[in-house]
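Written below as structure tokens is the structure these notes are about.
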Amino acid sequence: MFVQCMLQDVGSNLATPLSSAREAHRKRTSFSEKPVLELEQWIDSYSEQLPPLRAFILPSGGRSSAALHFSRAVCRRAERCVVPLVQAGEADPNVAKYLNRLSDYLFVLARYAAMKEGKEEKIYIKPEP
């Protein structure tokens, strides 16, 4: 539920352009670095429980893992849309950082779900030319 609330805050920040919003609105929709740091702690916590990643993996690992990989792809797409807004000074840079960390968190959760469900992660193998 925490992530859903943060995504609501992300949307509020994006809907309030920094160049044209009133100060009271900008203050109400500001996005701090705290949620970014919390995600980093969660990433570290789950990563410690996983085997080291020695190769690229494909979205795999069962239904839960696949759903998390899909969510990660959607999050990356959102991040790519937000970066130009941040670069133009219209959105808080912490919004882009949050989306970046969220996609990393979803990746780690996908790996964790696969491990917990006893499902194998498929390793990417580069095709021969």
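The values are calculated or read from the model by the stated rules, or taken from the named source; none is laboratory data. Predicted model, so just to flag it, every value in this text is computed and none were measured. So basically every Cβ, Gly included, is an ideal-geometry build from the backbone, and we count neighbours across all protein chains shown. These accessible areas exclude ligands, DNA and RNA; they are computed on the full protein's heavy atoms, side chains included. Shrake-Rupley method; radii C 1.70, N 1.55, O 1.52, S 1.80 Å.
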Charge dipole magnitude, Cβ of K and R +1, D and E -1 - the chain, Cα centre, debye nearest 20: 280 debye
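Using a 1.4 Å probe on the protein heavy atoms, what percent of the accessible area of the chain belongs to carbon and sulfur?
Carbon and sulfur atoms account for 56 percent of the accessible area of the chain.
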Which one, Glu90, Glu117, Glu79, has the greatest fluctuation when you compute a Gaussian network model over the chain with C-alpha springs under 10 angstrom? Glu117
In degrees between 0 and 90, to the nearest 10, how far off the longest principal axis of the chain does helix 63-87 point, with axes built from Cα atoms? 30 degrees
Around Ile57, which amide H atoms from residues at least 5 apart in sequence, or from another chain, sit under 5 Å from its own amide H, with H modelled in the peptide plane? Tyr124
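Suppose all protein chains stay in the model; what accessible area per residue would a 1.4 Å probe give for the chain, in Å²?
66 Å²
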Using helices alone, what [θ] at 222 nm do you get for the chain, with -39,500 (n - 2.57) per DSSP H run of 4 or more residues, divided over all residues and rounded to the nearest 500? -21000 deg cm²/dmol
Please determine, in degrees from 0 to 90 and to the nearest 10, the orientation of helix 34-47 with respect to the longest principal axis defined by the Cα atoms of the chain, where the helix direction is its Cα long axis. 0 degrees
Under 28 Å between alpha carbons, and skipping anything fewer than 8 positions from Lys126 in its own chain: which lysines qualify? Lys116
Order by protection proxy (mean Cβ within 10 Å, highest first), peptides 121-129, 45-53, 66-74: 66-74, 45-53, 121-129
Return the whole-Å distance between the Cα centroid of region 58-90 and the Cα centroid of region 99-129. 13 Å
